[in-house]
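Chemist: Below is a structure I'd like to ask you about.
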Amino acid sequence: MPHKSKLFLAVGALIATVLGYGGYHRAEAAQTIYNTPKPTVIRVAIRELNPSGEPDPRGRIIWVRSVPFEEYCEDVLPNEWVPSWNRESLKAGAMAIRMFAWYHHLHPVTIDGFTFDVDNTTNFQHYRYLSRQPDTNAAFTEIRNLAYVKQNGEIIELNYRAGIRDDPNWQYRNAQKMAQWGSEYWATRGRNYLQILQFYYVDRAQMSLR
């Protein structure tokens, strides 16, 4: 889960062909909101592994990989949310993950000479190449053409934390953060993904991408 928290004006449609892993290409027409195109690619700093074989949040940056934006989101969701959770919880998680990534795409950082949008650790979001799963992919597909933003359409970071299991996690509502366990709590009690987002992120709005 992320621990920390570019606005470019763009007009019209943008078509980008992005080189991903193994020479894979995807061409996609960009959609916009708040005059900001949805990213087609995100730069992911790859950090060295710790002794247990996991990417180390404090590890040295080895290189920066350009990853197709939607594939990045698909390869984060099953590592931040439990794939067997309720579909509405997964959809809420998918929205938080994509908006978090979109915000950081607009606010790159430079560390040790490397410029990137996010890294592959819990400094930002836990990214694992090709870790996507059918249930999480299905949830992401359902919110693919939507954004969750400020009332005026401004792209903001949707932050989240693990939270407490079997609990609504009211404390995160006050902090404008979503509890991952809280999203599952509310989903199992009949709330849909938008109601879950509205519970944790106050004064925000869902908008369709143009």
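Chemist: I need the full set of residues from the stretch 60-89 which are hydroxyl-bearing (Ser, Thr, Tyr) and crowded, with 22+ Cβ neighbours inside 10 Å, in order please.
Modeler: Start the filter on the stretch 60-89 by keeping residues that are hydroxyl-bearing (Ser, Thr, Tyr), which leaves 66, 72, 84, 89.
Across the stretch 60-89, the qualifying residues are TYR72, SER89.
Chemist: Regarding the stretch 60-70, can at least one residue be identified that is part of a helix (DSSP H, G or I), modelled with pLDDT of 95 or more and within 30 Å of ALA175 (Cβ to Cβ)?
Modeler: From the stretch 60-70, those part of a helix (DSSP H, G or I) are 69-70; that's our starting set.
Okay, now just the ones that are also modelled with pLDDT of 95 or more, so 69-70.
Cutting the leftovers down to within 30 Å of ALA175 (Cβ to Cβ) gives us 69-70.
Yes - at least one qualifying residue is present in the stretch 60-70.
Chemist: Here is a further query. Spot the failing condition for ASN120; the list is (1) more than 23 Å from THR36 (Cα to Cα); (2) in contact with a helix residue (DSSP H, G or I) (Cβ under 9 Å, 6 or more places away or on another chain), and only one is missed.
Modeler: Evaluating ASN120 over (1) more than 23 Å from THR36 (Cα to Cα); (2) in contact with a helix residue (DSSP H, G or I) (Cβ under 9 Å, 6 or more places away or on another chain) leaves (2) as the failure.
Chemist: Considering (1) surrounded by fewer than 18 Cβ atoms within 10 Å (Cβ to Cβ); (2) within 13 Å of the chain's Cα centre (by Cα); (3) within 20 Å of TYR200 (Cβ to Cβ), say which one ARG144 fails and leave the rest.
Modeler: For ARG144, the failing item is (3).
Chemist: In the list PRO83, PRO57, PRO78, PRO51, which residue meets the criterion of being part of a loop (DSSP other than H, G, I, E, B) and touching a helix residue (DSSP H, G or I) at 6+ places or on another chain (Cβ under 7 Å)?
Modeler: Numbers: PRO57 fails: touching a helix residue (DSSP H, G or I) at 6+ places or on another chain (Cβ under 7 Å); PRO78 fails: part of a loop (DSSP other than H, G, I, E, B); PRO51 fails: touching a helix residue (DSSP H, G or I) at 6+ places or on another chain (Cβ under 7 Å).
The unique qualifying residue is PRO83.
Chemist: Could you list, in sequence order, the residues of the stretch 186-202 that are crowded, with 22+ Cβ neighbours inside 10 Å and touching a Gly at 6+ places or on another chain (Cβ under 9 Å)?
Modeler: Selection gives TYR193, ILE196, TYR200.
Chemist: Additional query: Has the stretch 102-123 got at least one residue that is within 16 Å of PRO83 (Cβ to Cβ) and either touching an Asp or Glu at 6+ places or on another chain (Cβ under 9 Å) or buried (at least 22 other Cβ atoms within 10 Å of the Cβ) (or both)? So that I can check it myself, show each step before the final result.
Modeler: Narrowing the stretch 102-123 to residues within 16 Å of PRO83 (Cβ to Cβ): none.
Checking the stretch 102-123: not a single residue is within 16 Å of PRO83 (Cβ to Cβ) and either touching an Asp or Glu at 6+ places or on another chain (Cβ under 9 Å) or buried (at least 22 other Cβ atoms within 10 Å of the Cβ) (or both).
The values are calculated or read from the model by the stated rules, or taken from the named source; none is laboratory data. Computed from a predicted structure; not experimentally measured. A quick note on method: Cβ atoms are made from the backbone with ideal geometry, for glycine too, and the neighbour counts reach across all protein chains shown.
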